[in-house]
Structure formats: C-alpha cells, structure tokens
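What follows is a set of notes on a single structure, which appears directly below.
Read-outs: derived from the displayed coordinates by stated rules, not from any lab. Everything numeric in this text was worked out from a predicted model, so none of it was measured. Cβ sites come from the backbone with ideal geometry, for glycine too, and all protein chains shown count toward neighbours.
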C-alpha cells in the first residue's frame with residue numbers, strides 16, 4: 001500500500017523562484033513576505049486593518065489614517081524599544097511629581 005503524503009510543497013510565497021537563488025535566500029524571502037502580509041493592528045483605532053502601501057508606509061483601511069513605520073512591519077523592534085523607554089520615563093515623572 002502506498003503512503004499518502006501531504007499535498008503540495010512547503011515553498012510558501014518563494015515557490016515562484018523554483019530552484020533558483022538557493023534554499024537560504026528563498027527561506028529569507030518567505031519569512032519577510034509572511035511578516036509583510038500579516039495582520040497588524042492600527043495604532044489609531046485598534047482595528048486589525050493595517051495594510052502596506054509602499055516601503056515604510058502603512059494605511060488603516062478602517063479609519064483611513066496613514067502612518068510611517070518599518071519596511072516590512074509597521075513598528076520596528078527599535079521603535080518598540082524607544083516607546084518602552086519613553087513610557088517608563090513618563091511613568092517615573094508622574095510618580096515623582098508631588099500632588
């Protein structure tokens with residue numbers, strides 16, 4: 001009896017390259033394109049409707065707000081680190097202010 005295998009291959013979006021460019025490069029392209037086309041929350045309205053318009057430009061299809069961000073994700077890891085530091089400073093300043 002012949003074993004049935006899963007239908008299709010695990011080439012993801014980089015399958016369009018066929019056997020060209022090497023396995024590592026095709027995997028990198030697949031990872032980047034998965035991040036780029038993933039669902040992201042709008043920083044203005046909170047809806048999961050952010051779409052990439054161009055490199056670094058993201059638009060919410062619900063509230064129509066346009067924001068800048070990373071090339072492949074709306075908020076880069078560096079941006080998140082800076083925002084954490086800013087929120088920490090604000091919290092520290094709020095605790096130190098006498099009421």
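The distance between label points at residue 89 and residue 27 comes to 4.0 nm (points 7 Å beyond Cα on the Cα→Cβ vector).
Model label sites at residue 61 and residue 45, defined 7 Å from Cα along the beta-carbon direction, differ in position by 1.2 nm. Can you tell me which of 54, 78, 38 moves the most in a GNM of the chain? Springs connect C-alpha atoms under 10 Å apart. In this elastic network of the chain, the residue with the biggest mean-square fluctuation among 54, 78, 38 is 78.
Return the calculated 222 nm mean residue ellipticity for the chain, to the nearest 500 deg cm²/dmol, obtained by summing -39500 (n - 2.57) across DSSP H runs with n ≥ 4 and dividing by the residue count. Let's see the in-between values first.
On the way: 2 runs with 34 residues, N = 99.
Mean residue ellipticity, 222 nm, calculated: -11500 deg cm²/dmol.
Compute the Cα gyration tensor for the chain, then decide on rounded, prolate or oblate, letting a ≥ b ≥ c be the square roots of its eigenvalues: rounded whenever a/c is under 1.5, prolate when a/b is larger than b/c in the other cases, and oblate in all that remain. Prolate, because a/c is 1.5 or more and a/b exceeds b/c. Axis angle, to the nearest 10 degrees, between helix 77-96 and the longest C-alpha principal axis of the chain: 20 degrees.
The distance separating the Cα centre of the stretch 10-42 from that of the stretch 65-93 comes to 26 Å.
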